[in-house]
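This report concerns only the one structure given below.
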Amino acid sequence: MSHFSAFPPSSESFRRRPAKGGRGASVTHDSAEQHVTGAAQYVDDIPELARTLHAAIGKSPVAKGTLIQLDLSQVRTAAGVVDVVTIADMPAVTDIGPVYQGDPILAGPELQFHGQALFAVAAATFIEARKAVALAAIQMDEQIPTLTLEQALASGERVRPDHMMVKGDAKKALASAPNTLTNTLYNKGQEHFYLESQVSYAVPTDDGGMTIYTSSQHPSEVQKLVAEVLGIAMHKVTVLVRRMGGGFGGKETQAAPWACLAAVLAVRNKRPVKLRLDRQDDMVLTGKRHDFFSRWTVGFDDEGQLIGADIHLAGLCGFSPDLSDAIVDRAMFHVDNAYNFPAMAVLGQRCKTNTVSNTAFRGFGGPQGMIVGEAMMDDIARATGLDPLDVRLKNLYQNGDKTHYGQPIEDFHIERLMTQLERECEYRQRRHDITEFNQQHPYLKRGLALTPVRFGISFTVQHLNQAGALINIYTDGSIQINHGGTEMGQGLFTKVAQVVANEFSVDLDYVQVTATATDKVPNTSPTAASSGSDLNGKAAQAACQTIKQRLVDLAVEHFGVAPDDVHFINNHVVVGVGESAQWLTFAEFVQLAYEQRVSLSATGYYRTPKIFYDRDTASGRPFYYYALGASCSEVEIDTLTGEYRILRTDILHDVGASLSPAIDIGQIEGGFVQGMGWLTTEELTWDAKGKLASASAATYKIPTSMDVPSILNVRLFDQPNAEETIYNSKAVGEPPLMHGISVWCALRDAAASVANYAINPPLDTPATPERVLAAVMACQAHNEGLVAEQIS
Amino acid sequence: MIRFNLNGEWIEDGNIDPMCTILNYLRTQMAQTDVKEGCAAGDCGACTVMLASLDNGQLSFYTVNACIALMAHLHNRYIFTAQGIAQQSLHPAQQAMIDFHGSQCGFCTPGIVMSLATLYQQRLQQGIDLNIVPSDHDIHAALSGNLCRCTGYQPIVSAARHMGDYPKRDCAEQVQAAAVVEFDPNAGVSREPLQQSASSQLFMPQTEAELIALLQQYPTAQLWAGGTDLGLAITQQFKTMACVIVLGRVQGLSSIEIQNKQMSLGALCSYSDVEQELTPRVPSLAELVQRIGSRQIRNLGTLGGNIANASPIGDMPPAFLALGAEVEINGIYGLHTIALEQFFTGYKQTQLRAGEYIRRIIFNLPQENDHVFLWKISKRHDDDISAVMFALKLSIENETIIAAKLALGGMAATPIRAYHVESGLIGQPVNLATFKQAGSLLEQDCSPMSDVRASASYRLQVGKNLLLRAALELTRGTVQAEVAS
């Protein structure tokens, strides 16, 4: 069990011992011990203050309608109930849309999706509140809802205008291409299924303000919205996030409504109020990954070389814009994945439906775009009879190419990465073995796919690419660091602590990261877009450097040495050189600095360089750099039932110079499994009335330990980032999710084997056993057609 | 009054509401927040705790989902939480989880730690050398009810493999020090409720005589076996039951007997109880049992409960139908036996009358000429509910099918027998054509519906295709007859 005690006194052996846990060290998560003992506190675990109330949400019983009467008299008189609020009871602002308007904090009179929050109840206990909400008598004029992408595309309903990205003349290119093919793909959405559901605890303060403990990736937005809803200044609201039980994008905008409602109830009742959504409510009330319906025509020559493509991407946004503009943009940015399309036209459509407003989810639209690019590669391979890997390798971007949004391709080593993986996982031999296996087995068929990932790093909204940090050094040499990023399990706090330990060359134990707090570092960006360590690591480093400079100045003045002769080494500050060098422990030096009246607290700030993007012309450099990787998956399907197993996956992933290899590998494995779940077992279903039918863990199936490939090899591609990121590392949060695409491609490959790879089997996602069987049957129908042809 | 030992401390509480779950009590009454709520439906495992019970001198350790188990289940038992196994130093399961980077967000972690610690402790109880790495099968079975959304499980599985590397820890010592006794020998026949509130009372009889006496007094009482489905009525629908009779402690209802090539399984046998006994005798049934729910659910859920619940998507009813099982019923109308195929009368409707309970399930063990195929089709391999449950028993002599029982789940409002398909098989030679022909009769036996798990057409197609799979397996010679050993 690690703990802080004073620095040991300086001795020869202590001077020689390198500081533990700096950059590049595989350290454990900073909360690992609290996790395994259950001591780690999540919001619902915080000891409750006296008279705390528990809130629950009453929901719309229809997908579309106008409220005629909302009779809450029975709710108000139910056991334990203290307060009930509707939108009419909100003190100030009622629209809490994060970027654009359109998200009423409570519905009414318009009802816009089945399960939309309609009223909130505060009661003495959680169970009393949950029981009470069922007693509402709701009268409304029910209308016919728009529930599907197909309906919204037909009716033209949008939450935001359509947008185009264009490179060259796609129409002309397609007309000139020797071969074209047209196909479609429907990707269903994905439930975040963070294990800790949404929760906020609002505690009124004595100055008319509010302290909010919440599970949010975006504390500053919670602060702003709570202030707006209460009608008070932001400086009256403090938001704290120590940790989340998972986020995955689902707590970027979706945490705020519950914080705002808890705050309103807390103000009205002058009591602390906790609002925790139970699992079913969480699944119904909060947005998910967007469904996408994609259509494309791609042109290519007989050798499988790309000539051009015309692509339509339609995202199912739900009833409000939320972040859908940027999410569909990111799908458009990533539709090329790693491939150079000489000409391309991409249309992005943001369809409006009477369903929950879809939101950020790890990858942020990127996965839905990227899978289209990969589907095209497989389609071309089967059209030309080439191995899909050869089609992929042949079409890779080369340095100097430009994307369809004008960003130049630089430092692009994906070919080396892919061929290294191809060699290490013995792709060619296994392709041969699979062909033999498939010829022999009467009903089991295997498939193989090796797919790349190229994911753009930066918020595409430029102003979000900034971060701040606050560092405090105490007189015993211990260091507190605070920054704008939130910890949702990804190990950000650990990585930032490693940066600080590294800057001062002290043991990691001496660095404590404290809860994200809007009163320590203000105006922060959400912890999203994989940017957590890129932005906050750099901000923390800047804060460290400010204090380091002060310490160096002190040494120069106090010891009369040159600035270059002051070094931070192995838990010491070394002043002077050679024989005369003085070794002071870091704590001794800090004590000296305190006595010499040097400030031991500093802020740090960082903004990402080089990036710009003009959305009007759809061109620029939206991404500072790209994270790269590739994965190879082998599957076995049962052509009688569509059941399958993933036999093996190999991943080679580029994290630049890893800040923390164990944490990075954890992100890669976890991201891959989450992406695999999206494309295989996780299926959202709605009934004909627009009610979420898969609203529980009993009906919505994320992967279990059994579903992970029995062989899963993950390796880091060891090459520093050419851009000057924190210690030349690369972001790692989202990119690995898209390694799941290799599983989908392998399933499609296995199905295609049934028709000797002559056709492209339809395989919308998630590729449940039912859809895999349908793909197999499409191949069988093709075979029967061939037989019929031969007979006639 | 409920009496239980929590992490070393005896707690007696006479004011616990009968509807109170273990999780609710621990978190709201004991501030035991190391036990997490992830789904409150027994599906995610964040609330997993380790229980120890001492029955007839036999100390056993098992996991349950605290979210759906009633407090009554804890009575006279010992409960460990993640905090409780870390009292002096970290448990090997905890240290290994740290060292192998098994936690990211940490929310599922206490539950995972308890599943791993229970695997460790069960191996200790069985006298297995802890230096022997547990098999992947055992690790996945232990983790089958624990969802993790962050790690992808790889580091957790690594931690499970390495628990033996750390200094030995024996949780039995703590339980023995606490002097846990499952049954109170002086209790005698009691008709007093174990728990009572203004709206509800709960009884926990220890003998069948006591149970029947209670049923005479409260014939409409809600019988509670494992409660893995009933628990959801409390946690998802917030229902209150006026009178509950918990069956778990009734002695004699969880015995397993084999006589005259017949197997008799007590209705209160949990899935975990029967797993080992079935493995050598009806391997296909043992394999099926391992795909029911999760380890935690298999520890609580009972065979009798699965049958009495009469869900069309229960996994055991089709299997028992194919095996030609009978159910023995007892209660206020006396002891009698009926064939399982007569038992189910409609959606969640059975022949069981108010005041009756299932005593045991009896079936003939498969013989030399018998082939049993029990196939569960679901979206996810572990911890999922069937889209289609296919149960086929064939007797084959001289390459001819002389008897066939095909039972299906997920295809109708009740578990059904497919009599038309059966008649298409009986008397026919074992070849693909026979099974294909018989499969074409499936629509005459059922017309399934489309729901969240599968479409009607997929269900029918899979039903037919599984007949083909059986044929292919039989004709390829890859299957051995299932013989009682």
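Here is how the numbers come out for the structure above:
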quantity: Strands (runs of 3 or more DSSP E) enclosed by the stretch B:342-402 - at least 2 residues per element that are among the aliphatic types (A, V, I, L, M); calculated: B:356-364, B:370-377, B:388-397
quantity: Unmet requirement for A:Gln719, which otherwise passes all of (1) more than 14 Å from every other protein chain (Cβ to nearest Cβ); (2) surrounded by 22 or more Cβ atoms within 10 Å (Cβ to Cβ); (3) not in a helix (DSSP H, G or I); calculated: (2)
quantity: Hits in the stretch B:264-323 (condition: among the small types (Gly, Ala, Ser) and touching a Phe, Trp or Tyr at 6+ places or on another chain (Cβ under 8 Å)); calculated: B:Ala267, B:Ser272, B:Ser284, B:Gly293, B:Gly301, B:Gly304, B:Ala308, B:Ala310
quantity: Inter-residue pairs, beta-carbon under 8 Å, first within 14 Å of chain A (Cβ to nearest Cβ) and in the stretch B:62-90, second among the aromatic types (Phe, Trp, Tyr), 6+ apart; calculated: B:Ile79/B:Phe4
quantity: Spans of strands (runs of 3 or more DSSP E) in the stretch A:444-536 with at least 2 residues more than 15 Å from the chain's Cα centre (by Cα) and of a type in the set (Lys, Arg); calculated: A:444-457
quantity: Output for the stretch A:674-716, where each listed residue is under 28 Å from A:Arg416 (Cα atoms), more than 9 Å from chain B (Cβ to nearest Cβ) and crowded, with 21+ Cβ neighbours inside 10 Å; calculated: A:Gly675, A:Leu679, A:Pro709
quantity: Those residues of the stretch B:134-165 which are facing chain A (nearest Cβ under 7 Å), part of a loop (DSSP other than H, G, I, E, B) and in contact (Cβ under 8 Å) with a residue 60 or more places away in the chain, in sequence order; calculated: B:Ser144, B:Leu147
quantity: When residues of the stretch A:121-133 are limited to those that are among the hydrophobic types (A, V, I, L, M, F, W, C) and in contact (Cβ under 8 Å) with a residue 40 or more places away in the chain, the one surrounded by the fewest Cβ atoms within 10 Å (Cβ to Cβ); calculated: A:Ala124
quantity: Long-range neighbours under 9 Å by Cβ, at least six apart or interchain, first residue under 16 Å from B:Arg359 (Cβ atoms) within the stretch B:209-223, second of a type in the set (S, T, N, Q) and part of a loop (DSSP other than H, G, I, E, B); calculated: B:Glu210/B:Ser190
quantity: Hits in the stretch A:483-501 - residues which are within 14 Å of chain B (Cβ to nearest Cβ) and over 15 Å from A:Ala662 (Cα atoms); calculated: A:Thr486, A:Glu487, A:Met488
quantity: Selection count, the stretch A:219-260, where residues are small (Gly, Ala, Ser), away from chain B (no Cβ under 14 Å) and assigned to a loop (DSSP other than H, G, I, E, B); calculated: 3
quantity: The one condition in (1) under 30 Å from A:Met283 (Cα atoms); (2) touching a residue at least 40 places away in the same chain (Cβ under 8 Å); (3) not in a helix (DSSP H, G or I) that B:Leu59 fails to fulfil; calculated: (1)
quantity: Single residue of A:Gly740, A:Gly785 found to be more than 12 Å from A:Gly642 (Cβ to Cβ), in contact (Cβ under 8 Å) with a residue 40 or more places away in the chain and part of a helix (DSSP H, G or I); calculated: A:Gly740
quantity: Any hit, the stretch A:43-65, residues being under 30 Å from A:Ile665 (Cα atoms) and either in a loop (DSSP other than H, G, I, E, B) or in contact (Cβ under 8 Å) with a residue 12 or more places away in the chain (or both); calculated: yes
quantity: Helices (runs of 4 or more DSSP H) wholly inside the stretch A:366-427 that include at least 1 residues being of a type in the set (Gly, Ala, Ser) and either at pLDDT 95 or above or outside the structural domain of A:Val655 (by TED's automatic domain parsing) (or both); calculated: A:366-384
quantity: Any hit, the stretch B:54-67, residues being modelled with pLDDT of 95 or more, among the hydroxyl-bearing types (Ser, Thr, Tyr), outside the structural domain of B:Ser272 (by TED's automatic domain parsing) and surrounded by 24 or more Cβ atoms within 10 Å (Cβ to Cβ); calculated: yes
quantity: Condition check for A:Asn783: buried (at least 21 other Cβ atoms within 10 Å of the Cβ) and over 29 Å from B:Gly111 (Cβ atoms); calculated: no
quantity: Test set (1) on the phi < 0 side of the Ramachandran plot; (2) outside any helix (DSSP H, G or I); (3) at pLDDT below 95; (4) within 14 Å of chain A (Cβ to nearest Cβ) - B:Phe238 fails condition number; calculated: (1)
quantity: Filter result (of a type in the set (Gly, Ala, Ser), more than 9 Å from every other protein chain (Cβ to nearest Cβ) and crowded, with 21+ Cβ neighbours inside 10 Å) within the stretch A:656-673; calculated: A:Gly656, A:Ser658, A:Ser660
quantity: Test: A:Phe14 is touching a residue at least 60 places away in the same chain (Cβ under 8 Å) and assigned to a loop (DSSP other than H, G, I, E, B); calculated: no
quantity: Which listed residue, of A:Ala50, A:Ala39, is touching an Asp or Glu at 6+ places or on another chain (Cβ under 9 Å), surrounded by fewer than 23 Cβ atoms within 10 Å (Cβ to Cβ) and of a type in the set (Gly, Ala, Ser); calculated: A:Ala39
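The values are calculated or read from the model by the stated rules, or taken from the named source; none is laboratory data. Remember, it's a predicted structure, so these values are computed and weren't measured experimentally. A quick note on method: Cβ atoms are made from the backbone with ideal geometry, for glycine too, and the neighbour counts reach across all protein chains shown.
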